[in-house]
1. So B:M53 ticks every box in (1) open to solvent by 40 Å² or more (accessible area, probe 1.4 Å); (2) assigned to a helix (DSSP H, G or I); (3) touching a helix residue (DSSP H, G or I) at 6+ places or on another chain (Cβ under 8 Å) but one. Which box is left unticked?
2. Considering the stretch A:104-120 alone, what residues qualify as being of a type outside the set (S, T, N, Q), open to solvent by less than 70 Å² (accessible area, probe 1.4 Å) and over 30 Å from A:I4 (Cα atoms)?
3. Select from the stretch A:72-103 the residues that are within 8 Å of another protein chain (Cβ to nearest Cβ), part of a helix (DSSP H, G or I) and open to solvent by 40 Å² or more (accessible area, probe 1.4 Å) and write down the one among them that is nearest to A:V153 (Cα to Cα).
4. Among the residues of the stretch A:203-221, write down those that are in contact (Cβ under 8 Å) with a residue 24 or more places away in the chain and either small (G, A, S) or outside any strand (DSSP E or B) (or both).
5. Quick test of your reading of the structure: A:D12 fulfils all but one of (1) surrounded by fewer than 22 Cβ atoms within 10 Å (Cβ to Cβ); (2) within 22 Å of A:P164 (Cα to Cα); (3) free of Cβ contacts under 8 Å to residues at least 40 places away in the same chain. Name the failing condition by number.
6. Only residues that are of a type in the set (A, V, I, L, M, F, W, C) and open to solvent by 40 Å² or more (accessible area, probe 1.4 Å): list them for the stretch B:39-48, please.
7. Given the stretch B:80-199, what helices (runs of 4 or more DSSP H) lie entirely inside it while holding 3 or more residues that are crowded, with 19+ Cβ neighbours inside 10 Å and within 14 Å of chain A (Cβ to nearest Cβ)?
8. Condition test on B:M1, is it of a type in the set (A, V, I, L, M) and open to solvent by less than 30 Å² (accessible area, probe 1.4 Å)?
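The values are calculated or read from the model by the stated rules, or taken from the named source; none is laboratory data. Given the structure is predicted, the values throughout are model-derived calculations rather than measurements. All Cβ positions, glycine included, derive from the backbone under ideal geometry; neighbour counts span all protein chains shown. Heavy atoms of the whole protein, side chains included, go into the accessibility calculation; ligands, DNA and RNA do not. Shrake-Rupley method; radii C 1.70, N 1.55, O 1.52, S 1.80 Å.
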Amino acid sequence: MIKIKNISKSFDGKEVIKDISGEFDQGKTNLIIGASGTGKSVLLKCIVGLIVADTGKVFYDFRNFTEADKDMKTQIRREIGMLFQGGALFDSKTVEQNVMFPLDVLTEMKQEEKLDRVNFCLQRVGLENINKKMPSEISGGMKKRVGIARSIVNKPNYLFCDEPNSGLDPQTAIKIDDLIMEITHELNTTTIVVTHDMNSVMGIGEKIMFLFNGMNLWEGSSKDIMDSEVSELQNFVFSNKVMLNLKSQK
Amino acid sequence: MQFMKEFGRYVTFLGLLFVRRETLKTYYKLTVDECILIGIQSATLVAVVAAFMGAVTTVQTAYNMVSPLIPKYIISQVVREMTILELAPTIIAIIYAGKVGSSMAGGLGSMRITEQIDALEVMGINSASYLALPKILASILMYPLLVILAGFCSLLGGYVVGGLAGIITPADYTYGLRFFFDSYSITFALIKAFVFAFLISSISSFKGYFTTGGALEVGIATTSAVTTSIIAVLLSDYFLAQLLYLR
């Protein structure tokens with residue numbers, strides 16, 4: 001479980017996220033949604049510590065990450081897996097080396113054990129026989145899958161995904177979403193997904209936080225979202241024609 | 001003020017290299033990889049440039065020595081001194097900054113904008129140390145070797161051109177190379193090589209590591225890395241020359 005308390009962050013005097021608090025449950029896909037520029041990615045980076053928040057605290061299973069010393073922060077970070085928007089695969093390494101990287105650096109496993117684990121993870125994300133390919137030789141969807149494989153290879157307790165299906169065709173996007181949800185349940189991770197894709201929201205949103213202008217305006221599940229009375233959320237949700245049709249059918 | 005701020009960030013960056021380090025085995029492998037890369041990237045270019053530097057210096061020195069009273073072997077003595085004290089360590093440093101420094105800054109800058117550095121940080125790895133320290137160590141190990149190669153090729157270039165053009169006989173050239181030779185020049189050239197290698201690799205890594213924005217900014221960071229490295233090399237060259245003079 002991850003808990004955030006009163007997180008705020010400004011850039012050049014402009015407050016991008018304002019006093020956000022909330023909880024993200026273990027074993028669930030927790031979504032942070034909102035239109036572009038509402039501070040979703042900034043909030044996610046504040047949670048993982050890539051951006052230092054101006055105020056507020058982040059707790060990983062009751063461990064205060066914000067005030068932790070460097071060793072504790074490193075320890076917590078080694079329990080984190082993260083999928084970045086562009087995959088963030090290392091250009092100079094093959095797919096296999098990319099996925100094996102956390103094991104190489106963070107564990108004392110033997111080469112055969114590492115290779116088994118890498119192959120297991122690649123199979124788990126539906127990729128086989130691409131071990132020796134370079135990131136530049138594979139498609140965007142494959143890169144995301146490799147990114148997921150790399151983020152789960154170390155059996156993380158916390159999984160973060162920053163716009164996992166941006167730039168993907170709808171079919172691949174759904175597959176990636178399903179994969180994230182399955183892995184969350186399988187590994188019982190606390191998963192936080194940042195997205196503005198309504199298919200993801202309806203498909204995998206077990207717990208949703210809606211951001212608007214840097215504020216947390218609404219929390220609930222995908223089942224509640226249609227009935228919410230927050231006008232900003234309604235505008236966001238029903239700006240999608242499919243959702244509008246769903247509403248009219250309802 | 002801006003310079004002081006930037007310098008402070010640079011010093012902090014250097015400090016970052018030595019905290020939360022990974023295992024020595026990890027650094028060993030990365031440093032060896034970087035050494036090979038630097039060697040492959042630079043050896044041919046350094047050898048070619050140095051050979052021509054030596055050849056041109058021989059011709060120019062001969063052209064400017066109009067007095068028949070000056071013995072011919074002075075030409076190679078001048079070439080030797082210029083090569084060991086300035087041309088090999090300093091001019092090659094400028095080429096090194098353009099070739100290897102820009103590659104370091106560009107590589108790290110690209111890693112920054114494509115979130116690869118963030119990926120390392122999220123894994124709990126000190127990205128500055130993991131990425132920059134092996135580059136700096138490899139530079140400190142490899143650049144003195146490149147300076148030695150450059151010195152050899154430069155003197156060889158002078159020898160070949162001097163003989164082919166009939167400027168100086170091989171025997172005179174060899175005699176001049178040995179004439180009043182102070183081995184401290186070699187020590188001094190290597191001290192310079194260590195200092196320049198550290199400056200170029202650390203400044204380039206610093207510029208690349210803190211790139212923000214997109215592809216355009218990577219280009220700007222790369223240019224800035226080369227420019228700043230060259231200025232730092234020339235400044236330190238002056239101060240080191242003063243030290244040599246004081247000796």
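1. Here B:M53 clears every test but (1).
2. A:D104, A:M109, A:K114, A:L115, A:R117, A:V118
3. Of everything passing the filter in the stretch A:72-103, A:Q75 is nearest to A:V153 (Cα to Cα).
4. A:G203, A:I204, A:G205, A:E206, A:N213, A:G214
5. It fails just one condition, (2).
6. B:I40, B:L45, B:V48 - these are the residues of the stretch B:39-48 that are of a type in the set (A, V, I, L, M, F, W, C) and open to solvent by 40 Å² or more (accessible area, probe 1.4 Å).
7. B:102-113, B:116-122, B:127-164
8. For B:M1, the condition - of a type in the set (A, V, I, L, M) and open to solvent by less than 30 Å² (accessible area, probe 1.4 Å) - is not met.
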